[in-house]
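Notes follow once the structure below has been shown.
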Amino acid sequence: MAISTAYAAQARSRARYWIVFVIFAVTVLNYADRAIISIAGAPLAKEYAIDPVAMGYILSAFSWSYVAAQIPGGWLLDRYGTKWVYAAGIFFWSLFTFMQGWVGFFGAGGAIIALFAFRFMVGIAEAPSFPGNARIVAAWFPTAERGKASAIFNSAQYFAPVLFAPLTAWVTQEFGWRYAFMFMGVIGIAFVVVWAKVIHGPKDHPGINEAELNHIREGGALMEMGASPKDKGAPAWGYIKQLLSNRMLLGIYLAQYCINVITYFFLTWFPIYLVKERGMTILKAGMVASLPALCGFIGGVLGGVISDAILRRTGSLTLARKIPIIGGMLLSMTIIGCNYVQTEAFVVGLMALAFFGKGIGALGWAVVSDTSPKQIGGLSGGLFNTFGNMAGITTPIVIGYIVQGTGSFNGALLFVGINAFIAMAAYLVMVGEIKRVELKDA
């Protein structure tokens, strides 16, 4: 009794906050590396005479492999553990980002092929990252803190343009687009050392005390960043059919695809839209692109705070996740209003509001942490990310065809707004109660 009282009185350590900070930082690099071509795209297209349709395919190259590698990447996380599979991913995606700066040595036609190939390889290397993030959050954070923690790492997708869009735009303008790729690659390779030093499971972390360990265990954290030894031989592939037959999960998958249409518009075509449609310079487009991203970052963090607050007040996980998602998608539909305004201030303001809404509604990874079966957290996250990132394949290509066919971005913005509506409808109509899926023996 005296021992348990001592533990209760002991101040909790804060190891889990350092963990979420590191996965936030590495996710910033993740998104900066996949989105850098949106800044370098205009001078690159000019140098090699790339038309909008061809550029759409180059912009989508990352997502073809990223989607294809999601389920294998999730399996690797479950089979070999999150820490070292993720570390290898950081190293290789940074290496292939660095190599994109050297594609000019292949000549005009070869450069386009090499650029597509290197972006394809970046997609494979990044595939385990978000399922790994979800697995780490599920292991380290109690249910009542999971929405905020997931929102923090997910908000990195907005913070990446805030930090790196102006920086890479400056590097591109001053030194050339090749140096922007090399600069980002070097940063990522160096970060592998930080990852290896800081990331551990809750039971193995040198900076955690018993009070924090009890807090996260009693709050519903899974405690493991990979499958337990007894689960490593489990027939994980046989579980996919069960996930795909679950109506709740299908609704979540559809919504994530539509939400990611908004994400990939901002990651790929948005700076090009500012240059081509609004007549901005590359440097100005990089600066302006950071403003909606900053609003998205604020919205992303706020969405997690709102979600956890609703959970504490109502005790309903379903309301806590659905209310911010539905409200955020309503705000995201304001992107269509950019077709009806002319001044730059109104355009930027509406884009900022739309991305703020997208940030509030981007709670998909919190939902993954809430719903994934305990045995296959990585595989479940990989399947979720497969559906969501199909938008990375289709969005750049569809927008490329729309822009080439119509000569403007008006139809493209309508396309993005409609997807926000479908995401909202999916949570309203298809997704019922949000709860953890229990698997049957395969």
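The values are calculated or read from the model by the stated rules, or taken from the named source; none is laboratory data. Given the structure is predicted, the values throughout are model-derived calculations rather than measurements. As a convention, Cβ positions derive from the backbone with ideal geometry for all residues, glycine included, and neighbour counts pool all protein chains shown. For the accessible areas, the whole protein counts, side chains as well, though only heavy atoms, and no ligand, DNA or RNA atoms are used. Shrake-Rupley method; radii C 1.70, N 1.55, O 1.52, S 1.80 Å.
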Can you tell me which condition V67 does not meet? The list is (1) over 19 Å from V193 (Cα atoms); (2) part of a helix (DSSP H, G or I); (3) at pLDDT 80 or above; (4) out of contact with any Ser or Thr (no Cβ under 6 Å at 6 or more places or on another chain), and all the others hold. (4)
So which of A125, A169 is touching a residue at least 40 places away in the same chain (Cβ under 8 Å) and not acidic (D, E)? A169
Across (1) at pLDDT below 85; (2) over 15 Å from the mean Cα position of the chain (by Cα); (3) buried (at least 20 other Cβ atoms within 10 Å of the Cβ); (4) polar (S, T, N, Q), T143 clears everything bar (3)
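Across region 46-64, which residue is surrounded by the fewest Cβ atoms within 10 Å (Cβ to Cβ) among those that are assigned to a helix (DSSP H, G or I) and among the charged types (D, E, K, R)?
Start the filter on region 46-64 by keeping residues that are assigned to a helix (DSSP H, G or I), which leaves 46-48, 52-64.
Next, only the ones that are among the charged types (D, E, K, R) stay: 46-47.
Numbers: K46: 10, E47: 13.
Selected residue: K46.
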State yes or no: is T263 modelled with pLDDT of 85 or more and of a type in the set (S, T, Y)? yes
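Give me the residue from region 410-425 that is without any contact (Cβ under 8 Å) to a residue 24 or more places away in the chain and closer than 24 Å to R278 by Cα and, out of that set, surrounded by the most Cβ atoms within 10 Å (Cβ to Cβ).
Residues of region 410-425 that are without any contact (Cβ under 8 Å) to a residue 24 or more places away in the chain, as a first pass: 411, 418, 425.
If we keep only those that are closer than 24 Å to R278 by Cα as well, we get 411, 418.
Details: G411: 17, I418: 14.
Filtering region 410-425 for residues that are without any contact (Cβ under 8 Å) to a residue 24 or more places away in the chain and closer than 24 Å to R278 by Cα, the one surrounded by the most Cβ atoms within 10 Å (Cβ to Cβ) comes out as G411.
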Can you tell me which of R34, R16, R12, R79 is surrounded by fewer than 23 Cβ atoms within 10 Å (Cβ to Cβ), touching a helix residue (DSSP H, G or I) at 6+ places or on another chain (Cβ under 7 Å) and basic (K, R)? R12
If you go through region 146-164 one residue at a time, how many are open to solvent by less than 10 Å² (accessible area, probe 1.4 Å) and among the aliphatic types (A, V, I, L, M)? 4
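Tell me yes or no: at least one residue of region 347-359 is without any contact (Cβ under 8 Å) to a residue 12 or more places away in the chain and open to solvent by 10 Å² or more (accessible area, probe 1.4 Å). Walk me through it before giving the result.
Our first condition is that a residue be without any contact (Cβ under 8 Å) to a residue 12 or more places away in the chain; within region 347-359, this holds for 349.
Checking the rest, the ones that are also open to solvent by 10 Å² or more (accessible area, probe 1.4 Å) come to 349.
Yes, region 347-359 contains a residue that is without any contact (Cβ under 8 Å) to a residue 12 or more places away in the chain and open to solvent by 10 Å² or more (accessible area, probe 1.4 Å).
Can you pull out the residues in region 122-137 that are open to solvent by less than 10 Å² (accessible area, probe 1.4 Å) and part of a helix (DSSP H, G or I)? Full working, then the answer.
Applying the first criterion (open to solvent by less than 10 Å² (accessible area, probe 1.4 Å)) to region 122-137 yields 122-123, 126-127, 129-134, 136-137.
Once the filter is applied, which keeps residues that are open to solvent by less than 10 Å² (accessible area, probe 1.4 Å) and part of a helix (DSSP H, G or I), region 122-137 yields V122, G123, E126, S129, F130, P131, G132, N133, A134, I136, V137.
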Scanning region 381-409 for residues that are closer than 16 Å to A255 by Cβ and among the aliphatic types (A, V, I, L, M), which turns out most open to solvent (accessible area, probe 1.4 Å)? M390
Can you tell me which residue among L283, L302 is open to solvent by 50 Å² or more (accessible area, probe 1.4 Å), at pLDDT 80 or above and among the aliphatic types (A, V, I, L, M)? L302
If you scan region 168-212, which residues turn out to be open to solvent by 30 Å² or more (accessible area, probe 1.4 Å) and of a type in the set (F, W, Y)? W170, F175, Y179, F183, F191
Condition met for R119 (over 28 Å from I399 (Cβ atoms) and in a helix (DSSP H, G or I)): no
